[in-house]
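Report on the structure given below.
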Amino acid sequence: MLEGKIAVVTGASRGIGRAVALKLAEDGALVIVNYNGSKEKALEVKEEIGKKGGKAEAYRCDVSDFSACEAFIAEIIKEHGRLDILVNNAGITRDGLLMKMSEEDFDKVLATNLKGAFNTLRFASRQMLKQRNGRVINMASVVGVAGNAGQANYAASKAGIIGLTKSAAREMASRGITVNAVAPGFIETDMTEVLSDKVKETSVSQIPLGRFGKAEDVAAAVSFLASEEAGYITGQVLHVDGGMAM
Ligand code: NAP
């Protein structure tokens with residue numbers, strides 16, 4: 001399905017990004033497994049893809065660093081001559097109530113989650129426009145739509161992702177490039193593992209399907225949006241949240 005395609009997945013060393021990398025490789029793409037701090041884990045993802053007969057490379061890049069992203073994308077294009085799929089998945093949380101939130105915690109989350117997506121897309125878009133072909137999938141969140149107490153920085157970054165997605169979709173549509181966002185709800189990863197049992201219980205009670213999602217649930221949505229079949233869908237936010245936001 002994605003044979004011959006080059007896919008970059010940011011933050012693919014763990015969680016949702018890891019599942020997306022495995023899925024896109026299973027679909028036939030050569031996957032660039034991006035990581036920042038978790039080199040061992042990224043190499044494990046690369047190895048796992050290889051064992052399943054897929055193709056992958058691991059590449060360190062801090063997505064919040066503009067010039068590092070320029071070098072990262074340039075290296076991929078130099079190596080492979082193209083870039084077909086960009087999944088901006090890398091993300092962090094630094095939760096706290098607004099009145100107590102430090103400037104650093106606000107800036108760090110925005111720099112990684114929102115500017116990180118801009119940084120890679122800024123350089124990947126030129127190549128995709130030249131190719132007249134491309135798929136961009138940005139990881140938003142249900143809280144970017146609904147807000148969440150204690151996550152002003154994170155929710156702002158994810159709401160920003162939605163605006164970035166829609167603007168990029170409008171800019172790039174005339175060349176056949178689609179740009180969409182996926183908005184997960186509560187997904188079982190390291191990011192949600194840190195929540196207390198009480199918060200997890202309350203959260204589940206707000207999910208119509210009655211459970212946290214799995215990273216694979218999100219990967220399936222990304223795989224669809226990356227496919228040829230999704231060529232007439234752009235500027236959309238696909239919720240993968242068990243029905244939390246309807
Ligand atoms: P996770 O398990 O904490 O993994 C985060 C990933 O992002 C790791 O691979 C990490 O890489 C990478 N990352 C962090 N900072 C980075 C940076 N500066 N440069 C490059 N990579 C960086 O998180 P997750 O739950 O899978 O979440 C993935 C995405 O889905 C995030 O955008 C998150 O906001 C979104 N999301 C998650 C949920 C959920 O319930 N889990 C819900 C809604 C949205 P290293 O470890 O190598 O640094």
> Only one of (1) in contact with a strand residue (DSSP E or B) (Cβ under 8 Å, 6 or more places away or on another chain); (2) aromatic (Phe, Trp, Tyr); (3) in contact (Cβ under 8 Å) with a residue 40 or more places away in the chain fails for Tyr154. Which number is that?
Replying inline: (1)
>> Quick check on my filter: what residues within region 158-189 are of a type in the set (S, T, N, Q) and either open to solvent by less than 20 Å² (accessible area, probe 1.4 Å) or not in a helix (DSSP H, G or I) (or both)?
In response: Thr165, Thr178, Asn180, Thr189
> Which ones in region 57-74 are among the aromatic types (Phe, Trp, Tyr) and surrounded by 22 or more Cβ atoms within 10 Å (Cβ to Cβ)?
Replying inline: Phe72
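Matching residues to (1) near the ligand (Cβ under 9 Å from one of its atoms); (2) open to solvent by 50 Å² or more (accessible area, probe 1.4 Å):
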{"residue": "Ala29", "(1), (2)": "no, no"}
{"residue": "Ile76", "(1), (2)": "no, no"}
{"residue": "Ile92", "(1), (2)": "yes, no"}
{"residue": "Asp107", "(1), (2)": "no, yes"}
>> Could you check region 100-121 and list, in sequence order, the residues that are out of contact with any strand residue (DSSP E or B) (no Cβ under 7 Å at 6 or more places or on another chain) and either in a loop (DSSP other than H, G, I, E, B) or among the aliphatic types (A, V, I, L, M) (or both)?
In response: Met101, Ser102, Val109, Leu110, Ala111, Leu114
> Here are some residues: Ser67, Ser102. Which one is of a type in the set (Ser, Thr, Tyr), within 16 Å of the ligand (Cβ to nearest atom), over 22 Å from Ile187 (Cα atoms) and without any contact (Cβ under 8 Å) to a residue 24 or more places away in the chain?
Replying inline: Ser67
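Determine whether Glu47 is of a type in the set (Asp, Glu), at pLDDT 95 or above and away from the ligand (no atom under 15 Å from the Cβ).
yes
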> Looking at region 4-25, is at least one residue out of contact with any Leu (no Cβ under 9 Å at 6 or more places or on another chain), open to solvent by 30 Å² or more (accessible area, probe 1.4 Å) and free of Cβ contacts under 8 Å to residues at least 40 places away in the same chain?
Replying inline: no
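The values are calculated or read from the model by the stated rules, or taken from the named source; none is laboratory data. Since the structure is predicted, the reported quantities are computational estimates derived from the model, not experimental observations. When we count neighbours, we look across all protein chains shown, and the Cβ atoms used for this are built from the backbone with ideal geometry, even at glycine. We work out accessible area using only protein heavy atoms, side chains counted, and drop any ligands, DNA or RNA first. Shrake-Rupley method; radii C 1.70, N 1.55, O 1.52, S 1.80 Å.
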